[in-house]
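First up is the structure itself, then whatever we jot down about it.
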Amino acid sequence: MTTQKPELTPTVEDLEAQERRLVFRQFTHDDAWALGSLLVELARERQAPVAIDIRRAGQQLFHAALPGSTPDNDAWIARKRRVVERYGSASYLVGARFRAKGTTFEESSRLDPDTYAAHGGSFPITVEGVGVIGAVTVSGLPQLQDHRLVVEALEHFLSRA
């Protein structure tokens, strides 16, 4: 009998290290297309029913809705992306920081949960010497899987740069 190892939940420190590591030298329209296409490829390989969104400075540069995704995924994308835009950190990390303090984002942020969601799946696009300029967001899987899919794509993309 084969036993699967349980997935470990990353710590706040793990998540912060991801953000420090996953930084771009620049981020162009072509980069958005290539990163979005990579996310689509990874999601299709897994038959993941996700929607994918990439924005820079408020402009949508890439969007895809794969089979099985719904309009609700677009609403989740918007809510998670707003957390990245407001806090400058991954939506999963923001939620983890609240949980580490013994509370939840919904209880303690004082932000409208219909507008903001500190659930995994949105990751800041950070450019060296500039800071956070946008976000790459996935919705359709459980929040940790959404987060991990984005991180995997960013790691792969940045390793080629």
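Read-outs: derived from the displayed coordinates by stated rules, not from any lab. Because the structure is a prediction, the values reported are computed rather than measured. Glycine also receives a Cβ, built like all others from the backbone with ideal geometry; neighbour counts cover every protein chain displayed.
Charges on Cβ only, +1 for Lys and Arg, -1 for Asp and Glu, centred on the Cα centroid of the chain; of 121, 151, 90, which one is farthest towards the dipole's positive end?
Among 121, 151, 90, the one farthest towards the positive end of the dipole of the chain is 90.
Taking the Cβ-Cβ separation of residue 156 and residue 115 as r and a Förster radius of 25 Å, what is the calculated FRET efficiency to the nearest 0.05?
Values: r = 32 Å, r/R0 = 1.26.
Working from the Cβ atoms, E equals 0.20.
In 10 Å bins starting at zero, report the fraction of Cα pairs in the range 51-134 per bin as a rounded %.
Calculated over all Cα pairs of the range 51-134, the distribution is 18, 48, 28, 6 percent.
Taking DSSP loops as anything outside H, G, I, E and B, show the longest stretch in the chain free of GluC sites (Glu not before Pro) there with at most 10 other beta carbons within 10 Å.
The longest such stretch corresponds to 8-127.
Using only the Cα atoms, what convex hull volume per residue in Å³ does the range 106-152 have?
Output value, Cα hull per residue: 99 Å³.
Can you tell me what the convex hull of the Cα atoms of the chain projects to on average, as an area in nm²?
10.5 nm²
Give me the one-decimal nm value for the distance between modelled label points at residue 47 and residue 11, 7 Å along each residue's Cα-to-Cβ direction.
Computed distance between label sites residue 47 and residue 11 equals 3.8 nm.
Which value, in debye to the nearest 20, gives the size of the charge dipole of the range 2-80 about its Cα centre, when Lys and Arg are +1 and Asp and Glu are -1 at the Cβ? Show your work: numbers first, answer last.
Working: 10 positive and 12 negative charges, 15 e Å.
Magnitude of the dipole: close to 80 debye.
Report the extension gain between residue 101 and residue 29 in nm, rounded to one decimal, defined as 0.36 nm multiplied by the number of residues separating them, less their alpha carbon distance.
That works out to 22.1 nm of additional length.
How are the alpha carbon pair distances in the range 19-61 distributed across 10 Å bins from zero to the largest one, expressed in percent?
That works out to 24, 48, 27, 1, in percent per bin.
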